1. Do the sum for the chain: with -39,500 (n - 2.57) for every DSSP H run of n ≥ 4, divided by all residues, what is the mean residue ellipticity at 222 nm, to the nearest 500 deg cm²/dmol?
2. Restricting to Cα pairs below 8 Å that are 6+ residues apart, what does the relative contact order work out to for segment 1-146? Please round to a whole percent.
3. Starting from the exponent 0.38 and prefactor 2.2 Å, build the expected Rg for segment 32-82 from its residue count and divide its actual Cα Rg by it.
4. List the aspartates and glutamates whose Cα sits under 17 Å from the Cα of LYS111, skipping any in the same chain fewer than 8 residues away.
5. Just the number: Rg to Rh for segment 1-64, Cα atoms, Kirkwood Rh, two decimals.
6. For Rg/Rh (Cα atoms, Kirkwood Rh), the listed values are (i) 0.93; (ii) 1.06; (iii) 0.95; which was obtained by calculation from the structure presented?
7. Sort 123-129, 133-139, 35-41 for me by packing, meaning the mean count of neighbouring Cβ atoms within 10 Å per residue, highest on top.
8. Given the options VAL120, VAL110, VAL34, which has the most mean-square fluctuation in a GNM of the chain, springs set between C-alpha atoms less than 10 angstrom apart?
Amino acid sequence: MTHPILNPTAVCQVALVVKDINQASEKYALLFGVPKPEYIITDEVEKARTTYRGESSPARAKLAFFDLGKIQLELIEPMGEPSTWLDGLQANGESFHHLAFMVEDTQAVVKALSEQDVPVIQQGYYEGGMYTYVDSQEKYGVVFELLQNF
């Protein structure tokens, strides 16, 4: 057996892209019987150092989170462009966006995935860590997000 590129027990989040974060949050809060979470807005490009397909991108997003036991549901409303979030919303409407994995070494995972023809599509930083989306849709039928906390 080989060493896994992505640890299946490290799945931590599923995410949906939505048109309106407030409406979507209200709908899911009612479904789950929990308070509607406040949304946050991702940092501007100067702080987040957001890149999309290798180029700097001013894209931002509104994010709301629901804790569902061992997995978190993330709702994403794109703001600005270009971004993988907006691509997903335009291509599929409100729908599933990604499956996220916690990783310890983003560079090593990115290298291993690139050897499988799965390149980075978008990357950025948040307070305490970084995220990386890889273009795994064609090969695996889903976009993967790599989350690394520092």
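The values are calculated or read from the model by the stated rules, or taken from the named source; none is laboratory data. In this text, all values refer to a predicted model and were calculated from it rather than measured experimentally. Here the Cβ is made from the backbone with ideal geometry for all residues, glycine too, and neighbour counts use every protein chain on show. Accessible surface areas use protein heavy atoms only, side chains included; no ligands, DNA or RNA. Shrake-Rupley method; radii C 1.70, N 1.55, O 1.52, S 1.80 Å.
1. Details: 5 runs with 38 residues, N = 150.
Dividing the helical sum by the residues of the chain leaves -6500 deg cm²/dmol.
2. Values: 284 pairs, mean separation 39.9, N = 146.
Normalised by residue count, the contact order of segment 1-146 is 27 percent.
3. Numbers: Rg = 13.4 Å, N = 51, 2.2 N^0.38 = 9.8 Å.
Relative to the rule-of-thumb radius for its length, segment 32-82 sits at 1.37.
4. Those aspartates and glutamates meeting the cut-off are ASP135, GLU145.
5. Details: Rg = 16.3 Å, Rh = 14.8 Å.
The Rg/Rh ratio comes out at 1.10.
6. Identified label for the calculated read-out: (iii).
7. Working: 123-129: 14.4, 133-139: 17.6, 35-41: 12.9.
Going by the mean number of other Cβ atoms within 10 Å, highest first, we get 133-139, 123-129, 35-41.
8. Most flexible of the set in this elastic network: VAL34.
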